[in-house]
Amino acid sequence: MKLWAGRFHKELDQKTNDFNSSISFDSRMAKEDIEGSIAHATMLGACGVIDQAEAEKICAELQTILAELESGALSIDPTAEDIHTFVEGELTARLGAAGKRLHTARSRNDQVAVDVKLYLKKQCDALYDQVKDLIVVLCNKALLYKDAVMPGYTHMQRAQPVTFGHHLLAYAEMFQRDLSRLADTKKRMDECPLGSGALAGTTYPLDRDLTASLLGFAGPTNNSLDGVSDRDFCMELAADIAIAMVHLSRFSEEIILWCSWEFKFIELDDAFSTGSSIMPQKKNPDIAELVRGKSGRTIGDLTTLLTMMKGLPLAYKKDMQEDKEAIFDAVDTLRMCLTAFIPMIDTMKVLPQNMRKAAAKGFINATDCADYLVGKGLPFRDAYKITGELVAECIESGLTLETLPIEKYKEYNENFDTDIYGAISLETCVNGRKVTGGPAPQNVAAQAERVLKKLGAKE
Ligand code: ARG
């Protein structure tokens, strides 16, 4: 029997019922739905809208239903229209008239909004903790490899020397912004829509502050139409997730490159890589590739939500039932990806000798060579040009700036002396880059410590 049975003369067509139903994906909010109902019933009792004793009976039975669902003694009816209908139906089957009073001064429109918010607030916390774990892993690795010189790239061309620690901390910065976005999103979704009713509030004397505080919200929403029509919190969280997934995807791309034979900067642990069914020599970075691939679906989830909302006049429309699959998929995807990604990074073997070798090729100290001449009084543009000629000379003769004889240097400019070799050694180049935010080992160490401390992962 449908909730709206009074107005209708026929049962809903079976296939249409399946089409209309959201139970297959909203039953994951059973706990939140019951918590929301307990708070609502408590408030109705406290305000005298329903009898206090009846409110208590409702709350106790809802607790029992929740316990039975959790233990598996009660299972969710897959033909129910949605989780709200199921819980209310179950309550009414057990309590009769008292159960029927629960929905006083409430609509599924404010109910679903509160359920999704309660559920997503918890997911924000879970995601926050996972992203934080990743940052801690990155900082600890950065400390270990603070002086591992590697080539930094622009246009995928070796550009200037950095340290592996510095490179990892670049990702730590990105993930810290993800943390702050998650915290922000959670803060903005911290308003309780219950009491908005279907769209126009209610004539019952509700205490919305009480409901909000019972459910751990900072307060009630301020406008009943907005309370039931707002899905900004889904879009925002989906955007946060899509951005975090883009970060993971970029990182994955580097991991994939780094573990290729062409780079061999790292080796993934056996537990986090896979073999080939035909090529015995293969060790594939499947996890990183899957994470990169899955970033696409979270961008899709965000697009789904934005597109679903963009044409909707106020207030609730059934279109909005589509919010759940998209945002749940985004949440599940990021959680799953982090679960695999974090230990993969934690256990990867870093090969600093190979990074050092790659850094020795590609003239990544050319800028430092130019800076040497600037130190001798030349304008940077002239120094730049002379260094360019030196690089061309080296390429021609199969040498590097480190191996080019001093006589050759002097042919190009008389200011060169044997101290040039010290000035362009990769260690000098990296150690000298101690400007705030630079890759020098001492910077990396200080920055990693700062972040660990900020996250409470270190004294
Ligand atoms: N299953 C619905 C959803 O997820 C619940 C709200 C139904 N409200 C309504 N007026 N039909 O959006």
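The values are calculated or read from the model by the stated rules, or taken from the named source; none is laboratory data. Here the structure is a predicted model, which means the values were calculated and not measured. Positions of Cβ are generated from backbone atoms using ideal geometry, with glycine treated the same way; all protein chains shown enter the neighbour counts. Just the protein is used for accessible areas: all its heavy atoms, side chains included, with ligands, DNA and RNA removed. Shrake-Rupley method; radii C 1.70, N 1.55, O 1.52, S 1.80 Å.
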Could you go through the range 401-416 in sequence order and give the Karplus-derived ³J(HN,Hα) for each residue, using 6.51 cos²θ - 1.76 cosθ + 1.60 with θ = phi - 60°, rounded to whole Hz, and x for Gly and Pro? 4, 6, 9, 5, x, 4, 4, 4, 3, 5, 4, 8, 7, 6, 6, 5
Label the chain by shape, choosing from rounded, prolate and oblate, from the square roots a ≥ b ≥ c of the eigenvalues of the Cα gyration tensor; if a/c is under 1.5 it is rounded, and otherwise prolate applies when a/b is larger than b/c, oblate when it is not. prolate
Accessible surface of the range 75-144 [probe 1.4 Å, protein heavy atoms]: carbon and sulfur percent: 51 percent
Put +1 on the Cβ of each Lys and Arg and -1 on the Cβ of each Asp and Glu in the range 125-209; which of LEU143, GLN130, LEU182 then has its Cα farthest toward the positive end of the dipole? LEU143
Amide H of MET348: which non-local residues (sequence gap of 5 or more, or other chain) have their own amide H closer than 5 Å, using H built in the peptide plane? ASP269
Over 19 Å (Cα to Cα) among LYS410/LYS434; LYS15/LYS318; LYS264/LYS349 -> LYS410/LYS434
Taking only protein heavy atoms into account and a 1.4 Å probe, give the accessible area per residue of the range 403-459 in Å². 56 Å²
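Rounded, prolate or oblate: pick one for the range 204-280, where a ≥ b ≥ c are the square roots of the eigenvalues of its C-alpha gyration tensor, a/c under 1.5 means rounded, and failing that, prolate if a/b is larger than b/c, else oblate.
prolate
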Amide H neighbours of THR163 under 5 Å, at least 5 residues apart or on other chains, H built in the peptide plane: list them. MET150
Within the set of other residues whose C-beta is less than 12 Å from the C-beta of LEU95, count the net charge using Lys and Arg as +1 and Asp and Glu as -1. -1
Relative to the longest principal axis of the C-alpha atoms of the chain, give the angle of the C-alpha long axis of helix 286-309, reported between 0 and 90° and rounded to the nearest 10°. 50 degrees
What are the semi-axes of the equivalent ellipsoid of the range 73-147, taken as the square roots of 5 times the eigenvalues of the Cα gyration tensor, listed largest first and rounded to whole Å? 46, 14, 9
Where both residues lie in the range 126-270, what percent of DSSP beta bridges are antiparallel, nearest 5? 75 percent
Which percentage, to the nearest 5, of the DSSP beta bridges contained in the chain is antiparallel? 80 percent
Accessible carbon and sulfur surface of the range 407-459 relative to its total accessible area, %, 1.4 Å: 51 percent
Using alpha-carbon positions, the gyration tensor of the range 280-380 gives root eigenvalues a ≥ b ≥ c; with a/c under 1.5 called rounded, otherwise prolate if a/b exceeds b/c, else oblate, the class is oblate
For the range 53-64, in residue order, the Karplus 3J(HN,Hα) values (coefficients 6.51, -1.76, 1.60; θ = phi - 60°; whole Hz; Gly and Pro = x) are 5, 5, 4, 5, 4, 4, 4, 4, 5, 5, 4, 4
Whole-Hz ³J(HN,Hα) for each residue in the range 366-380, computed from phi via Karplus 6.51 cos²θ - 1.76 cosθ + 1.60 with θ = phi - 60°, x for glycine and proline: what do you get? 4, 4, 5, 5, 5, 4, 4, 5, 4, x, 8, x, 6, x, 4
Leaving out ligands and nucleic acids, and using a 1.4 Å probe, what accessible area per residue does the range 201-302 come to in Å²? 48 Å²
Quick check on my link table: of LYS141/LYS282; LYS31/LYS100; LYS187/LYS324; LYS10/LYS310, which ones sit more than 30 Å apart, alpha carbon to alpha carbon? LYS10/LYS310
